[in-house]
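The values are calculated or read from the model by the stated rules, or taken from the named source; none is laboratory data. A quick note: this is a predicted structure, and the numbers were derived from the prediction, not measured. Don't worry about glycine lacking a Cβ; one is built from the backbone with ideal geometry, like all the others, and counts go over all protein chains shown.
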Amino acid sequence: MALNIRQTEILDIARAEGRVLVEELAQRFDVTLQTIRRDLSDLAEAGLLDRVHGGAVARTGVENIGYEQRRRMNEAAKAAIARACAASIPDNSSLILNLGTTTEAVARELIHHRNITVVTNNMNVANILLANPSCEIMVAGGALRRSDGGLVGELTTQFFEQFKVDFAVIGTSALDLDGDLLDFDLAEVRVSRAILGQARRAFLVTDHSKLGRSAPARIASLSEIDTLFTDRPLPEPLGRSCDGWGTRVDVAESAQVPGSP
């Protein structure tokens, strides 16, 4: 399911507030009650919300969202985050890009970088960077995850342990209010931990929809990240924690699509 801009915003509100009401959403977006009910039904059918009387609630289970749905969600925010991250990566540098639709957006912003080496376990990242003739691409071995083109497993972890790069650029499935990076796949978590250990500087790229989301496996803490690239300011307590940890927070502004609600 490809979400339209209004549905994406409804999903963001539900995740931030836990619940959305049909009448309030209709007033907010200046559309009919029937339009909002249809949006909520579409989001529920996609497994993103649960319908309740008068509205819907955020789904709080530990099931990950499918790759195609994730790729289409918050595309403008991911593009803005990617531009900010890529601007912090100079030419003549080496980096690791791991799995995720936001790291793929970073890859697209590296097309014109010169003399860079990219090590990745993401087949989509490798294919994107084929367009950059000045980029040396190193692809990890491991078990191929057909759902998203990711390579994971012990072979992947061992591969990354052979490198020491300037930057690690990673994504996350969830970021809790304690500042912990979370994921659904333990094999992917082990790979992400290995990546963080092989980089001189660590960048996290994630949009605001990941904040407060639940996932069962812990990757690391924001205290281990040099810079967080996101699209909205963090809640004040988490922002203060980042200040104490020395974790820089770069808030990128995404361009609003003309004519959007």
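Some points to look at:
- Cβ pairs under 7 Å, 6+ apart, first in the stretch 11-32 and β-branched (Val, Ile, Thr), second assigned to a loop (DSSP other than H, G, I, E, B): Val22/Gly54
- Restricting the stretch 240-261 to residues that are surrounded by fewer than 13 Cβ atoms within 10 Å (Cβ to Cβ) and either modelled with pLDDT of 95 or more or under 30 Å from Arg190 (Cβ atoms) (or both) leaves a set whose member that is farthest from the chain's Cα centre (by Cα) is Gly244.
- Residue count, the stretch 1-33 (criterion: hydrophobic (A, V, I, L, M, F, W, C), closer than 15 Å to Glu75 by Cα and part of a loop (DSSP other than H, G, I, E, B)): 3
- Tally of residues being at pLDDT 95 or above, in a loop (DSSP other than H, G, I, E, B) and among the hydrophobic types (A, V, I, L, M, F, W, C) across the stretch 204-233: 1
- Top-ranked residue of the stretch 155-176 - restricted to ones that are in contact with a helix residue (DSSP H, G or I) (Cβ under 6 Å, 6 or more places away or on another chain) and of a type in the set (A, V, I, L, M), ranked as modelled with the lowest pLDDT: Ala174
- Residue satisfying condition, being in contact (Cβ under 8 Å) with a residue 40 or more places away in the chain and not aliphatic (A, V, I, L, M), within set Asp166, Asp176: Asp166
- Those residues of the stretch 34-56 which are part of a helix (DSSP H, G or I), touching a strand residue (DSSP E or B) at 6+ places or on another chain (Cβ under 7 Å) and touching a residue at least 24 places away in the same chain (Cβ under 8 Å), in sequence order: Leu40, Leu43
- The set of residues from the stretch 124-136 being surrounded by 18 or more Cβ atoms within 10 Å (Cβ to Cβ) and aliphatic (A, V, I, L, M) comprises Val125, Ala126, Ile128, Leu129.
- Filtered residues of the stretch 179-203 (kept if out of contact with any Asp or Glu (no Cβ under 9 Å at 6 or more places or on another chain), assigned to a strand (DSSP E or B) and under 25 Å from Gly149 (Cβ atoms)): Asp183
- Considering the stretch 71-95, the residues that are among the charged types (D, E, K, R) and in a helix (DSSP H, G or I) include one that is nearest to Arg108 (Cα to Cα), namely Arg83.
- Qualifying residue in the stretch 138-154 (condition: crowded, with 19+ Cβ neighbours inside 10 Å, more than 27 Å from Val251 (Cα to Cα) and either at pLDDT 95 or above or in contact with a Pro (Cβ under 8 Å, 6 or more places away or on another chain) (or both)): yes
- Which numbered condition Asp180 fails, given (1) under 15 Å from the mean Cα position of the chain (by Cα); (2) modelled with pLDDT under 95; (3) surrounded by fewer than 19 Cβ atoms within 10 Å (Cβ to Cβ): (2)
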